[in-house]
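*Asks:* There's a structure below that I have some questions on.
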Amino acid sequence: MSQQVPERTSLRDHLSSAHEKWREHSRFRRLSKKKKIIVGMLVFLVFLLFLLSATLNRYNGYNILLLDRYVSFDMPEEDTLTAKEWKKLVKSAEVSKYPEAQLKREEKYITSQYHKRIREYGLTYKEYLKESDLTESEFQAQVEKLAKENVKEKLILHSISRKKKIYVSSEEMKAAKQQLMKDRGATSEADYKKITGETLDEHAEEIDLESKLLYGKIVKN
């Protein structure tokens, strides 16, 4: 799963509190006005770096400043693509390196979905392997292949998002979560957890809801 980003408000409060305590220290009081200004600017720069870090791990960890390090492709001229154009773009793109955290996240999600379906068929994992004529290593290789395909598409998707400045708003995320509850027949988040066994936010992160919505903005059928 992606690392949770601290809320900016609580981060600001925390830094402000620490800064005030530091200002009260006797050594700070003895500094010249010029040095106080320099120290104050340094603290402000640290604060800006914290705020910047709060924007880096968006989209379940897809660092928007490092996407070019992982994938290369011809950026489309238009803001939107047809499904056919998207498939062609993905096929021609080249991934130089798969970000480890995202690859593991996709593998975990795909594996959990496999096991869920296996249970729905009334089979055990070993029975499924036998029925599918798969060894455990072949199953893992299958999961890894699917995970890499998912990560490749998301690297491309968020690269386009950054370049074209196409983003998913908090209001769109909220509406999508409400639809998830509606689809499950839940009337509240507490009700949703009773029905599904997980919180709404956990499920939204698990399925990478933000990327799904972003895909819908960029790829038009």
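The values are calculated or read from the model by the stated rules, or taken from the named source; none is laboratory data. Just so we're clear, the structure is a prediction, and the values are computed from it rather than from any experiment. Backbone-built Cβ (ideal geometry, glycine too); neighbour counts: all protein chains shown. These accessible areas exclude ligands, DNA and RNA; they are computed on the full protein's heavy atoms, side chains included. Shrake-Rupley method; radii C 1.70, N 1.55, O 1.52, S 1.80 Å.
*Asks:* Determine the dipole magnitude for segment 172-221: charges of +1 sit on the beta-carbon of Lys and Arg, -1 on that of Asp and Glu, nothing else is charged, the reference point is the Cα centre, and the result goes in debye to the nearest 20. Don't skip to the end; give the middle numbers.
*Replies:* On the way: 9 positive and 11 negative charges, 66 e Å.
Charge dipole of segment 172-221: 320 debye, to the nearest 20.
*Asks:* To continue, here is another question. Long-range amide H contacts for VAL219: which residues qualify at under 5 Å (H placed 1.01 Å from N, peptide plane, sequence gap of 5 or more or a different chain)?
*Replies:* Amide H neighbours of VAL219, under 5 Å, 5+ apart: LEU81.
*Asks:* Within the accessible area of segment 112-156, what % is carbon and sulfur when the probe is 1.4 Å and the other protein chains stay in place?
*Replies:* Numbers: 1500 of 3080 Å².
Of the solvent-accessible surface of segment 112-156, carbon and sulfur hold 49 percent.
*Asks:* In what sequence, highest mean first, do 150-156, 132-138, 209-215, 175-181 appear when ranked by Cβ atoms within 10 angstrom? Could you put the intermediate results ahead of the total?
*Replies:* Working: 150-156: 21.6, 132-138: 10.6, 209-215: 18.1, 175-181: 14.6.
Per-residue Cβ counts within 10 Å, averaged per peptide and sorted highest first, yield 150-156, 209-215, 175-181, 132-138.
*Asks:* So, one more: For segment 85-167, what are Rg and Dmax over the alpha carbons, in angstrom?
*Replies:* 15.9, 48
*Asks:* What pairs from LYS116/LYS165; LYS87/LYS145; LYS108/LYS182; LYS91/LYS116 go past 28 Å between their alpha carbons? Show your work: numbers first, answer last.
*Replies:* On the way: LYS116/LYS165 36 Å; LYS87/LYS145 17 Å; LYS108/LYS182 26 Å; LYS91/LYS116 30 Å.
Check vs 28 Å cut-off fails for LYS116/LYS165; LYS91/LYS116.
*Asks:* Let me ask something additional. Probe of 1.4 angstrom, ligands and nucleic acids ignored: what's the accessible area per residue over segment 120-221, in square angstrom? Don't skip to the end; give the middle numbers.
*Replies:* On the way: 6320 Å² over 102 residues.
Result: 62 Å² of accessible area for each residue.
*Asks:* In square nanometres, what is one fourth of the surface area of the convex hull spanned by the alpha carbons of segment 135-213? If you can, show how the numbers build up before the last one.
*Replies:* On the way: hull surface 26.8 nm².
About 6.7 nm², averaged over all directions.
*Asks:* For segment 67-109, what does the alpha-carbon gyration tensor say about shape, rounded, prolate or oblate, given a ≥ b ≥ c as the root eigenvalues, a/c under 1.5 as rounded, and a/b over b/c as prolate?
*Replies:* On the way: a/c = 2.58, a/b = 1.71, b/c = 1.51.
Cα axes put segment 67-109 in the prolate bin.
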